[in-house]
Amino acid sequence: MLIRAGYDITIETKSPTHTLALLNVHPSRHRDLRTPQRIITYPEVPMYDFVDGFGNVGTRLTVPEGGIRFTCDFVIEDPGTHDLRAPDAEQIAIDHLPDDALVYLLGSRYCETDKLADTAWALFAKTRPGWDRVQAIVDYTHEHIEFGYHHARPSKTAWDAHQEQAGVCRDFAHLAVTLCRCMNIPARYCTGYLGDIGVPAAPDPMDFSAWFDVFLGGRWYTLDARHNKPRIGRILMARGRDATDTALTTTFGPSLLTNFTVVTEEVDAGDRDDREAEDERQQLQSAA
């Protein structure tokens with residue numbers, strides 16, 4: 001299955017502002033790219049990529065006075081399979097966890113394990129450790145939070161979402177991640193593209209979305225508390241402790257988001273050939 005994905009994002013600034021962008025596809029998906037993935041900016045500015053401590057590809061640049069526009073458009077191949085389920089996956093004792101999984105047991109900016117520990121143990125202590133316990137956490141989160149874009153705010157934490165019982169996809173992910181960590185299950189926050197592929201069209205179409213991974217039985221599994229069902233067509237961009245580590249853009253100074261358009265749609269081989277031909281035509285015109 002081929003998926004066309006990309007974005008058109010504009011940020012306004014009143015003065016030159018250094019910015020960190022996590023707008024690249026995660027390295028784990030680079031081999032699946034079928035057309036180049038390039039961040040294009042208007043105006044053009046110097047920028048360079050680096051790999052952060054969580055394995056994400058970040059981009060550093062300075063947004064000039066007035067602002068900048070980011071665009072990207074690419075085609076990626078996806079196996080078209082649903083998120084893997086593993087009902088027999090076991091919870092691993094803390095003393096047997098790999099060292100790099102330990103950070104995903106700790107509280108973080110948006111995942112206050114200290115505030116939710118008592119709640120988590122009261123709710124899930126009697127569930128079977130492993131997949132059943134994680135699924136119980138996903139079910140609880142899915143049913144506890146009402147989805148709505150008007151519930152979003154950048155400062156909302158897992159504790160806030162639990163108390164207010166409302167939020168967006170990042171709040172579902174933050175709450176599920178926090179409850180898993182409280183129950184000694186490593187959980188990491190993920191962000192990326194998730195289009196309405198393989199599901200009925202929704203009135204609030206998906207684009208960028210948040211989900212999470214848990215470490216069970218010696219490997220990571222993907223789960224989604226917002227939808228609470230296996231999905232196809234996820235394109236991972238970044239993962240970390242919470243939304244702090246995976247923000248699409250972090251500006252080190254005042255800024256205003258004035259445009260945010262995302263495309264995630266399935267395409268067939270014919271559409272891809274037409275797009276490649278058009279890209280080649282435009283490149284030849286530019287060269288001329």
- line: For the stretch 7-110, listing GluC sites (Glu not before Pro) in a DSSP loop whose Cβ sees at most 16 other Cβ atoms within 10 Å gives E44, E65, E90
message: Below 25 Å, Cα to Cα, which lysines can K115 reach? Residues fewer than 8 away in the same chain don't count.
response: K126, K156
- line: Under the 7 Å Cα-to-Cβ spin-label approximation, E146 and D268 lie apart by a distance in nanometres of 4.2 nm
statement: Protection proxy (average C-beta count within 10 Å per residue), highest first, orders 96-102, 195-201 as 195-201, 96-102
- prompt: Can you list the trypsin sites (Lys or Arg not before Pro) in the stretch 118-210 that are in a DSSP coil and have 12 or fewer other beta carbons within 10 angstrom?
  reply: K126
- prompt: Given a cut-off of under 8 Å on Cα pairs at least six residues apart, what relative contact order in percent is computed for the stretch 105-180?
  reply: 40 percent
- request: Quick one: order T244, T81, T191, T17 by neighbouring beta-carbon count within 10 Å, fewest to most.
  value: T81, T244, T17, T191
Sorted largest first, extent of the stretch 1-107 alpha carbons per principal axis (Å): 53, 37, 19
message: Using 0.36 nm times the number of residues separating K126 and E44, minus their current alpha carbon distance, what extension gain do you get?
response: 23.8 nm
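In deg cm²/dmol and to the nearest 500, what is the mean residue ellipticity at 222 nm of the chain if only DSSP H runs of at least 4 residues count, each as -39500 (n - 2.57), divided by the residue total?
-7500 deg cm²/dmol
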Label assignment, Rg/Rh (Cα atoms, Kirkwood Rh) derived from the structure, set (i) 1.16; (ii) 1.07; (iii) 0.99: (iii)
Rounded tilt (10° steps) of 113-124 against the dominant C-alpha axis of the chain: 60 degrees
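Read the figures in this text as sums done on the coordinates, not as results from a lab. Not measured: the values here are computed from a predicted model. Every residue, glycine among them, receives a Cβ derived from its backbone with ideal geometry; neighbour counts consider all protein chains shown.
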